[in-house]
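Asker: The structure that follows is given in the form of structure tokens.
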Amino acid sequence: TGVQTCAFRSLHRFSGVITSAPDMSLIGAVPSGCAGLSLLATTCPDVALIDLGLPDMDGTELVRQVRQSCPHADVLVVTMFVDDRHVLRSIEAGASGYLLKDSSDQRLLDGIREVRAGGAPISPSIARKVLQQLSMAQAELRVVKPDATAEPSPLTSREHDILSLIAKGLSFNEVGERLDISVFTVVTHVKKIYRKLQ
């Protein structure tokens, strides 16, 4: 798996983690959004790791540019931002997964592998944010249409259960064990959650 990283403060850490993995190769590591765009002009990575805290541009714009320039590349946001604005904007821009910088090196590698396998890696605190947004949207709907029957959640009860368990910090494997389903089924549900919540 060819990986490009675009992270300012964690550039060396991410680069070292990726080069230590026998199934990955680092095709570029740059400290800014502009340098990332220049690299995209000459190569298209399998996975682009993007830190939203870039010194020269909005990281979500870089996510959008990667998705346009390399539609087959997966974008994994690895950042310290956990606020709603950053989380939702990066997912809307096309991020396939969202991990926090304090994730372990192994979680970072697992996240890259997950995203290449069609999964959608997500940190527990980010899953919690998504649940909160979903809950707030439902509450707002009840305020706007108090006499109408509230529209049902776009998530199935199984998808809601999975998102809740991820928000509690369980890994995809642990979620599968808890719900007596395979890890591949968990990954499929997480992908559906991303699609449904756009």
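Asker: Would you confirm whether or not the stretch 29-50 contains a residue that is open to solvent by 20 Å² or more (accessible area, probe 1.4 Å), hydroxyl-bearing (Ser, Thr, Tyr) and within 22 Å of ILE193 (Cβ to Cβ)?
Answerer: no
Asker: Specify which of the listed residues (CYS70, CYS44) is more than 26 Å from SER104 (Cβ to Cβ) and touching a His at 6+ places or on another chain (Cβ under 9 Å).
Answerer: Just a single option satisfies the conditions, and that option is CYS44.
Asker: A further question on this structure: Every residue in the stretch 136-172 that is at pLDDT below 85 and open to solvent by 70 Å² or more (accessible area, probe 1.4 Å), please.
Answerer: Scanning the stretch 136-172 gives MET136, GLU140, ARG142, VAL143, VAL144, LYS145, PRO146, ASP147, THR149, GLU151, PRO152, LYS168.
Asker: A follow-up question, please. How many of the residues making up the stretch 57-95 are open to solvent by 30 Å² or more (accessible area, probe 1.4 Å), within 17 Å of LEU11 (Cβ to Cβ) and touching a Lys or Arg at 6+ places or on another chain (Cβ under 7 Å)?
Answerer: Total meeting the criteria: 1.
Asker: Here's something else I'd like to know. Criterion first (within 23 Å of ILE122 (Cα to Cα), touching a residue at least 60 places away in the same chain (Cβ under 8 Å) and within 20 Å of the chain's Cα centre (by Cα)) does LEU11 satisfy it?
Answerer: no
Asker: Go over the candidates ASP74, ASP105 one by one and state the one that is closer than 24 Å to ASP23 by Cβ, more than 11 Å from the chain's Cα centre (by Cα), at pLDDT 90 or above and of a type in the set (D, E, K, R).
Answerer: Going through ASP74, ASP105 in turn, the sole match is ASP105.
Asker: Now, a different point. For the stretch 174-193, which positions are open to solvent by less than 70 Å² (accessible area, probe 1.4 Å) and out of contact with any Gly (no Cβ under 9 Å at 6 or more places or on another chain)?
Answerer: VAL175, GLY176, LEU179, ILE181, HIS189, ILE193 - these are the residues of the stretch 174-193 that are open to solvent by less than 70 Å² (accessible area, probe 1.4 Å) and out of contact with any Gly (no Cβ under 9 Å at 6 or more places or on another chain).
Asker: Test GLY16 against the stated conditions and say whether it is open to solvent by less than 20 Å² (accessible area, probe 1.4 Å) and modelled with pLDDT of 90 or more.
Answerer: In short, no.
The values are calculated or read from the model by the stated rules, or taken from the named source; none is laboratory data. Because the structure is a prediction, the values reported are computed rather than measured. Positions of Cβ are generated from backbone atoms using ideal geometry, with glycine treated the same way; all protein chains shown enter the neighbour counts. Just the protein is used for accessible areas: all its heavy atoms, side chains included, with ligands, DNA and RNA removed. Shrake-Rupley method; radii C 1.70, N 1.55, O 1.52, S 1.80 Å.
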